[in-house]
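One structure below.
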Amino acid sequence: MRKFLGLMILSLASASVAAAQTQPKIDEPKPPVTQEQLDNEKKEKKPSADDKVSNFDADGKMKRGAAIGAGKKVSLVKAMKNPGKYAKQPILVEGVIVRSCKMEGCWMELAPSKGASAVRIKMKDHAFFVPLDAAGLKAKVEGVMSVKTLSKAEVDHLMNEDGAKFEKINADGTVTEISFEATGVELTKN
């Protein structure tokens, strides 16, 4: 009887080990994503070939980023006169694109009309781009206004690599500018 009992215990132990080996392993929880990792992912997003060219639909429109229309419609002139008023709420502005980034299409300058002062529009989180040939197109843009001081390095990069122009550069090489972070853009042929 002892032999039989010993054999049963040995058989059960052996079966338990075999069953444990055939069961799928449960993935260990992954560590939380850090802000630095998120920032690096945003920086790594590069425009595709389609992002760099103008692809209009049958109505002559091109949409990039999130759908627009939820923000309060505000005149671009009015928003540029008092950018702080529109810093915490999404607004919808319209204008003509004066110039855009020549490397990726990650920013554009939007003016109420040709020849007027413009505001730099940056694409939120570098998540979408405008075509490199966007200058001259009409645009509806939704996002948030702000006033920012660009470092000398940012100013140099924007001017030398992307073709940006600034009305006033501070003595230390920085620029304080009205800026607009866009969540969505709708471009229209003239």
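The values are calculated or read from the model by the stated rules, or taken from the named source; none is laboratory data. What you see is a predicted model, and the numbers here were worked out from it, not measured in a lab. Cβ atoms come from the backbone with ideal geometry, glycine included; neighbour counts cover every protein chain shown.
So that you can scan it fast, the table gives a plain yes or no per residue for (1) part of a loop (DSSP other than H, G, I, E, B); (2) at pLDDT below 95; (3) out of contact with any helix residue (DSSP H, G or I) (no Cβ under 6 Å at 6 or more places or on another chain):
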position: 117; (1), (2), (3): yes, yes, yes
position: 132; (1), (2), (3): yes, yes, yes
position: 136; (1), (2), (3): yes, yes, yes
position: 147; (1), (2), (3): no, yes, no
position: 176; (1), (2), (3): no, yes, yes
position: 187; (1), (2), (3): no, no, yes
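Suppose we filter segment 73-88 for residues that are more than 20 Å from residue 113 (Cα to Cα), of a type outside the set (Phe, Trp, Tyr) and surrounded by 11 or more Cβ atoms within 10 Å (Cβ to Cβ); how many remain?
Count: 2.
Here are 140, 165, 122: which of them is closer than 19 Å to residue 60 by Cβ and outside any helix (DSSP H, G or I)?
Step by step, each of 140, 165, 122 is checked, and only 140 is closer than 19 Å to residue 60 by Cβ and outside any helix (DSSP H, G or I).
For segment 72-108, enumerate the residues that are of a type in the set (S, T, N, Q) and outside any loop (DSSP other than H, G, I, E, B).
Correct list: 100 only.
Just wondering, is there one or more residues in segment 108-126 that are among the β-branched types (Val, Ile, Thr) and either touching a residue at least 60 places away in the same chain (Cβ under 8 Å) or closer than 15 Å to residue 72 by Cα (or both)?
Within segment 108-126, one or more residues are among the β-branched types (Val, Ile, Thr) and either touching a residue at least 60 places away in the same chain (Cβ under 8 Å) or closer than 15 Å to residue 72 by Cα (or both).
Between residues in segment 164-190 that are in contact (Cβ under 8 Å) with a residue 24 or more places away in the chain and residues that are part of a loop (DSSP other than H, G, I, E, B) and buried (at least 18 other Cβ atoms within 10 Å of the Cβ), which pairs lie under 6 Å by C-beta distance while being six or more apart or on different chains?
184/68; 186/68; 187/137
Can you tell me how many residues within segment 58-101 are of a type in the set (Ser, Thr, Tyr) and more than 16 Å from residue 139 (Cα to Cα)?
Residues meeting the conditions: 1.
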